[in-house]
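The values are calculated or read from the model by the stated rules, or taken from the named source; none is laboratory data. What you see is a predicted model, and the numbers here were worked out from it, not measured in a lab. Neighbour counts run over all protein chains shown; Cβ positions are idealised from the backbone, glycine included.
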Amino acid sequence: MELELTLDTSAARQALHDLHFIELKAPIAPEIEPDECTVTNNAITLSWKPRKQSCVDGYVVEVDDGASSGNYLEVYRGNCLECTVSGLQFNSTYRARVKGFNKAGEGAPSDEVYLTTSDVAWFALDPITAHQDIVLTNDNTTTTCTSFDDRVVLGNIGFSRGCHYWEVTIDRYDGNPDPAVGVALGSTIKDSILGKDDKAWCMYIDSSRSWFRHNNEHSNRRDGGVEVGAVIGVLLDIPNHKVTFYLNDQKRGLMRLPDIPEAFYAAFSLSRNVQITLHTGLEPPEEAYNTSK
């Protein structure tokens, strides 16, 4: 027995005829919300919103290096409408922009927004990289130590551009210890006095005199020491590759720094016989502007 089958495709043809195919295009450039873009210390926050009728799966945030090189670096990829970038250089203007993306690719970038970080550095001491004998209080700005031996603590922000100044006050001074202040690379040793290796440059000082120390070599001995209430200042001048030390607003001398791409950190070493408090966000002493290179 033979069967004759007839397939009715008219409904399928009509359905195909009624279909409207839409070409998926990359998203339209997002719209920056300038009133929501902010700067806090050395962190910038960028805010934006999508354009209407734009098919977006996520966003890419790009920020330049703050040095007018023109090169952008991707710092975020996701579906949020706000992004905070921290750890930037102080006193620097950064350009930022946002692009949307979907399965068709990345769309055109938004208008650029220019955000300038704080002109002076506000920072604290870093409990994460500090030696375990270091004790931090007062929002990580006051420090002492549980050991009779010197231990190292660094600031929580590294510097690779600009000039930066900070001070420490001597809160407690028992016996005749010799705390040290200066700058260091993040990899400097933490279980000995600052300046014992080649990754730190410092001045250490007791009640009657001070020395400079780097790579365990001593130099620039000077009379005059510290007591409770004394103020030690440190001026880091990266463009001129030097660090200058002050005691009670009087210059004690300077040390030359290498021209390297690594960041310098505020650095301190002390024993249990000393307590110091860090003060940041300061302008350099007036005398600093009159020194030669």
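Hey, can you tell me all the residues within the stretch 215-260 that are of a type in the set (D, E, K, R) and not in a strand (DSSP E or B)?
Glu227, Asp249, Asp259
Search the stretch 265-276 for residues that are under 12 Å from Thr188 (Cα atoms) and pair each with any residue that is of a type in the set (Asp, Glu) and at pLDDT 95 or above when their beta-carbon atoms are under 7 Å apart and the residues are at least 6 apart or on different chains.
Ser269/Asp150
Restricting attention to the stretch 110-132, which residues are buried (at least 17 other Cβ atoms within 10 Å of the Cβ) and out of contact with any Phe, Trp or Tyr (no Cβ under 6 Å at 6 or more places or on another chain)?
Once the filter is applied, which keeps residues that are buried (at least 17 other Cβ atoms within 10 Å of the Cβ) and out of contact with any Phe, Trp or Tyr (no Cβ under 6 Å at 6 or more places or on another chain), the stretch 110-132 yields Ser110, Val113, Val120, Phe123, Ala124, Leu125, Asp126, Thr129, Ala130, His131.
Considering every residue within the stretch 76-87, establish whether at least one is on the phi > 0 side of the Ramachandran plot and out of contact with any Gly (no Cβ under 9 Å at 6 or more places or on another chain).
For the stretch 76-87, residues on the phi > 0 side of the Ramachandran plot and out of contact with any Gly (no Cβ under 9 Å at 6 or more places or on another chain): absent.
Quick one: in the stretch 114-132, which of the residues that are in contact with a Leu (Cβ under 7 Å, 6 or more places away or on another chain) and either of a type in the set (Ser, Thr, Tyr) or modelled with pLDDT under 95 (or both) is nearest to Ser54 (Cα to Cα)?
Thr117
One line per residue, one yes/no per condition, for (1) of a type in the set (Gly, Ala, Ser); (2) closer than 20 Å to Tyr165 by Cβ; (3) more than 26 Å from the chain's Cα centre (by Cα); (4) surrounded by fewer than 18 Cβ atoms within 10 Å (Cβ to Cβ):
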| position | (1), (2), (3), (4) |
| --- | --- |
| Gly182 | yes, yes, no, no |
| Asp197 | no, no, no, yes |
| Trp201 | no, yes, no, no |
| Arg221 | no, no, yes, yes |
| Pro239 | no, yes, no, yes |
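Can you tell me which of Gly70, Gly78, Gly66, Gly105 is surrounded by 13 or more Cβ atoms within 10 Å (Cβ to Cβ) and out of contact with any Pro (no Cβ under 8 Å at 6 or more places or on another chain)?
Gly66
Phe264 passes all but one of (1) touching a helix residue (DSSP H, G or I) at 6+ places or on another chain (Cβ under 8 Å); (2) buried (at least 17 other Cβ atoms within 10 Å of the Cβ); which number fails?
(1)
Is there any pair linking a residue in the stretch 105-131 that is within 17 Å of Val85 (Cα to Cα) to one that is basic (Lys, Arg) and buried (at least 19 other Cβ atoms within 10 Å of the Cβ), with Cβ under 7 Å and at least six apart or on different chains, and which?
Glu112/Arg97
When you check Asp198 against the structure, is it within 24 Å of Ala124 (Cβ to Cβ), of a type in the set (D, E, K, R) and assigned to a loop (DSSP other than H, G, I, E, B), yes or no?
no
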